[in-house]
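Visitor: This is the structure, below, for whatever I ask next.
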Amino acid sequence: MNDLIFPTKAESKEEIYKALKGLKKEDIPWQSGKVMAYVYKTIPEAHELANEAYTLFLTENGLDPTQFPSLLQLEKSVIAMVADLLNGGTNAVGNCTSGGTESVMLAVKTARDRARDLFPHIIDPEIIIPETAHPCFHKAGHYLNVKVKMIPVDRTTFKADVNAMEAAITDQTILLVGSAPSYTHGVIDNIEAIASLAQANNLLCHVDACVGGMFIPFAKMLDYPMPAFDFSVPGVSSISCDLHKFGYVPKGCSSIIYRNKELRQYQLFSCSLWPGYTIVNPTVLSSKTGGPMAAAWSLFKFLGTEGYKNAVKACMEGRQVVIDALKDIPELYLLGEPAIGMLSFASNSAAVNVFELTERMKAKGWFIQAQLKSNVSDAGIHLSISHFNAPHMASLMVDLKAIVEELKKETDKSQQMVFDPAMIKNMMANFTPDMLDSLEQILGKNDKGIPDNFVVVNKILNTLEPVQRDKLLVAFINKMFSVEK
């Protein structure tokens, strides 16, 4: 079967389904509960219901809510329920989006267009974000022609330096950003201070609660100490909250919530310049399936407050298992003080390379996410602990400790980089995409174009500066998604 040309004859459903199942064989086995990123899953009954609800509304099109009032009602209900969790009161409004990146892009667009309308002196709009903020803010700036200014975070707590944020404000600033929490370390910024600063300067304040919006409210109900982060904080103008993370809704379903509809009006897009059907879009997408909204509505109804509290309790207990176990592994140390079921740790031992550690754990069936070093923290390992994988944390840490001991016993030679960092840096100084062929001789690749040796890949990336990394990654992804006939 040749998948690189358009099919000339029909195939049976059985053949197609068999082929699809075959494609999944090389994917990470998230069904095992041993995958600590990408997949967020709760109890099987809820997962099954969400899939059924998604399929039931798969064909309905959110392009025109006047023709599909079911989707209008679902979206309004889902947003109202999320706004209720976030203390939005009766005035909060919002929309469902395809993911956190779209939610953030809409928040930045809203800030930009509001500034255009109300403050004509702003000709080079800029937003101020902590250096731990998600890269989607940089993506939004890139797409929307908005300058992104990064301010430092405390190197121990990893919280945004609010004094540095205040110093960065200019007459072109339109938006201040805080994370609740940041993905990397699971740390919540001082939202009250950031929002107060925004108020004092007549600026908008966006809280990126993509990972925390469906977690922190339930943690508070369970009496876990959580700082204020939502619309109960004066000055918070918008919040992004993913429903497909700790809300356990199938991908892709996020939300963007505003304090009021007067602010949300700047998010909307309408165009009547052409002779076709009426175009007025609340979000980036025009045509979109109703599946995610139906799944979200169904899961909220099925799990309710108690179901989500049970999930959060399990995640927090799993988090504590990891934190306690790390205290007995002196070669590893926790990064910051994670507030939710999301954390990172790094190595302080030359014998324990975190990239080697992640690959050894993968060989034991665990997928843990490697993170490169940055100006903020050392190279490390990230864990996202969801309801589905929380019960496996004790086993994870037993295997992790065993592999740390293995690495300590191995010879120095096995721990050395298989390349010269200076050589890699020199090569990247004059990098062109054609040079990928030389790198592939070092890295190797399988028949899908994916490198065989991610230890070396990450060591190379860890050697480079961010600008060099990005050049290499763009070239690599461009090639990986190209068809080599």
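Each value in this text was obtained by applying a stated rule to the coordinates, not by laboratory testing. These figures come from a predicted structure and were not determined experimentally. Cβ sites come from the backbone with ideal geometry, for glycine too, and all protein chains shown count toward neighbours.
Visitor: Computed from the mean reciprocal separation of all distinct C-alpha pairs, what Kirkwood hydrodynamic radius does the range 80-120 have, in Å?
Guide: Values: mean 1/r = 0.0851 Å⁻¹.
It works out to 11.8 Å.
Visitor: Please compute the volume of the convex hull spanned by the alpha-carbon atoms of the range 132-189 and report it per residue in Å³. Before the final figure, lay out each step's value.
Guide: On the way: hull volume 4.3 nm³, N = 58.
Given the Cα convex hull of the range 132-189, per-residue volume reads 74 Å³.
Visitor: Return the aspartates and glutamates within reach of LYS159: Cα separation strictly under 14 angstrom, same-chain partners fewer than 8 residues apart disregarded; answer none if there are no such residues.
Guide: Within reach: GLU131, ASP189, GLU192, ASP208, GLU337.
Visitor: Take the Cα of ILE323, step 7 Å along the line toward its Cβ, and report every residue of the range 202-239 whose backbone nitrogen sits under 20 Å from that point.
Guide: From the range 202-239, the list is 211-229.
Visitor: Something else now. Of all trypsin sites (Lys or Arg not before Pro) in the range 353-391, which ones are in loop regions per DSSP and have a Cβ with at most 16 other Cβ atoms within 10 Å? Working shown, then result.
Guide: On the way: sites: ARG360, LYS362, LYS364, LYS373; in loops: LYS364, LYS373.
Of the trypsin sites (Lys or Arg not before Pro), the ones in loops of the range 353-391 whose Cβ has at most 16 other Cβ atoms within 10 Å are LYS364, LYS373.
Visitor: Distance in nm between label sites at ASP154 and GLN31, each 7 Å beyond Cα in the beta-carbon direction?
Guide: 4.5
Visitor: Run the numbers for MET423 and GLU406: contour at 0.36 nm per residue of separation, minus the present Cα-Cα distance, in nm.
Guide: Extra length from MET423 to GLU406 when fully extended: 3.2 nm.
Visitor: Exactly which trypsin sites (Lys or Arg not before Pro) in the range 1-67 are in a DSSP loop and have at most 10 other Cβ atoms within 10 Å?
Guide: Counting only loop positions with at most 10 other Cβ atoms within 10 Å, the trypsin sites (Lys or Arg not before Pro) in the range 1-67 are LYS9.
Visitor: Hey, another quick one. Mind giving me the nanometre distance, one decimal, between the label points for ILE43 and ASN430, set 7 Å out from Cα along Cα→Cβ?
Guide: Once both label points are built, they end up 6.4 nm from each other.
Visitor: Kirkwood Rh, the chain, all Cα pairs: how many Å?
Guide: The answer is 24.3 Å.
Visitor: Now for a different question. R0 = 45 Å: FRET efficiency of PHE302 with GLN265, Cβ-based, nearest 0.05?
Guide: After rounding, the FRET efficiency stands at 0.85.
Visitor: Report for the chain the percent antiparallel among DSSP-assigned beta bridges with both residues inside it, nearest 5. Walk me through the intermediate numbers first.
Guide: Values: 27 of 44 bridges.
Of all bridge pairs located within the chain, approximately 60 percent are antiparallel.
Visitor: Please enumerate, by chain and number, the lysines with C-alpha under 25 Å from the C-alpha of LYS301, excluding those fewer than 8 residues away in the same chain.
Guide: List returned: LYS41, LYS76, LYS220, LYS245, LYS251, LYS288, LYS309, LYS313.
Visitor: Full extension from ASP84 to LEU63: what is 0.36 nm times the residue separation minus their Cα-Cα distance, to one decimal in nm? Mind showing how you got there, number by number?
Guide: Working: separation 21, 0.36 × 21 = 7.56 nm, distance 2.59 nm.
Difference between extended and current length: 5.0 nm.
Visitor: I need the calculated FRET efficiency for the pair ASN478 and HIS142, taking r as the beta carbon distance and R₀ as 22 Å, to the nearest 0.05.
Guide: 0.85
Visitor: What value does the range 305-410 have for Rg/Rh, both radii from Cα atoms and Rh as Kirkwood defines it?
Guide: That ratio equals 0.98.
Visitor: Enumerate the aspartates and glutamates that LYS479 could reach by cross-link, defined here as Cα to Cα under 19 Å, with residues fewer than 8 away along the same chain left out.
Guide: By straight Cα distance, LYS479 reaches ASP3, ASP434, ASP437, GLU440, ASP447, ASP452, ASP470.
Visitor: From a point 7 Å beyond the Cα of LYS220 in the direction of its Cβ, which residues of the range 183-198 have a backbone N at a distance under 13 Å?
Guide: 191-192
Visitor: Let me ask something else about it. Can you tell me the order of 193-203, 318-328 when each peptide is scored by its average per-residue count of other Cβ atoms within 10 angstrom, highest first?
Guide: 193-203, 318-328
Visitor: Okay, moving on. For GLN369, enumerate residues with amide H under 5 Å from its amide H, sequence gap 5+ or separate chain, H modeled in the peptide plane.
Guide: HIS382
Visitor: In addition: How do 114-124, 97-107 rank on mean C-beta neighbours within 10 Å, highest first?
Guide: So the peptides 114-124, 97-107, ranked by packing, come out 97-107, 114-124.
Visitor: Taking the range 53-299 on its own, what percent of its Cα-Cα pair distances exceed 22 Å?
Guide: Summing the P(r) of the range 53-299 above 22 Å gives 51 percent of all pairs.
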